[in-house]
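**Q** Before anything else, here's the structure in question.
The values are calculated or read from the model by the stated rules, or taken from the named source; none is laboratory data. Keep in mind that what you see is a predicted model, and the values were worked out from it rather than measured. So basically every Cβ, Gly included, is an ideal-geometry build from the backbone, and we count neighbours across all protein chains shown.
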Amino acid sequence: MKRTLILIISAIFVLSACGNDDNGNNKKQQATNDQQESGSVKEIATDKNVQGNNYRTILPFKESQARGVLQDNMANSYNGEDFEDGLLELSKEVFPTDDYIYQDGQYFDKDTINAYLQPKYTKSEVDKMDEDERKEKKANENLGLNPSHKGESDPEKNCQKITGISF
């Protein structure tokens, strides 16, 4: 009789542990509703221990509108990866990984990035352009951060090797 009673009580405890927890579901549902009402997603950063000497990132990850813009102008994907790695290493010298968090570019759209990658035209170059060419090259805005090509259109001459710079 004692064995049967102990067996029944044990079975009740085991089965009750597997039961549905309504309170937990209500809390999850309430949190989801609160999140939908506020219209924002909670952002968290990755753990320092996981990232090592790299920047921590903000989760959930949002891809930039301008992602891949540089890849379009690179000869192969290795050039793009080396370029990005070099920029990242340079940024670590100015912005320590302990103090800053990485977020994929969310502030500039693709058109703005392309405008910055264009050459900055000199006044004489802009004056030589007709109105259609100015509109096509957006020379009136003249946002380019790269040096002027001085009218040269041959990519071989424009891409001279820079010496003395190493990443």
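**Q** Check residue 125 against each of (1) touching a residue at least 24 places away in the same chain (Cβ under 8 Å); (2) within 29 Å of residue 84 (Cβ to Cβ) and name the one condition it does not meet.
**A** (2)
**Q** Moving on to the next point. In region 113-132, what count of residues is obtained for those that are out of contact with any Leu (no Cβ under 8 Å at 6 or more places or on another chain) and in a helix (DSSP H, G or I)?
**A** Summing the residues that are out of contact with any Leu (no Cβ under 8 Å at 6 or more places or on another chain) and in a helix (DSSP H, G or I) in region 113-132 gives 10.
**Q** Check region 88-107 and report whether any residue there is closer than 30 Å to residue 55 by Cα, touching a residue at least 60 places away in the same chain (Cβ under 8 Å) and not in a loop (DSSP other than H, G, I, E, B). Steps first, answer last, please.
**A** Here is the first cut: in region 88-107, the ones closer than 30 Å to residue 55 by Cα are 88-107.
Cutting the leftovers down to touching a residue at least 60 places away in the same chain (Cβ under 8 Å) gives us 89-90.
Filter again for not in a loop (DSSP other than H, G, I, E, B), leaving 89-90.
Scanning region 88-107 turns up at least one residue that is closer than 30 Å to residue 55 by Cα, touching a residue at least 60 places away in the same chain (Cβ under 8 Å) and not in a loop (DSSP other than H, G, I, E, B).
**Q** Of the residues that make up region 59-82, is at least one modelled with pLDDT of 85 or more and on the phi < 0 side of the Ramachandran plot?
**A** Within region 59-82, not a single residue is modelled with pLDDT of 85 or more and on the phi < 0 side of the Ramachandran plot.
**Q** Take residue 164 and tell me if it is small (Gly, Ala, Ser) and modelled with pLDDT of 80 or more.
**A** no
**Q** Now, a different point. Can you name the residue in region 107-161 that is among the hydroxyl-bearing types (Ser, Thr, Tyr) and at pLDDT 80 or above and is also surrounded by the fewest Cβ atoms within 10 Å (Cβ to Cβ) among such residues?
**A** 124
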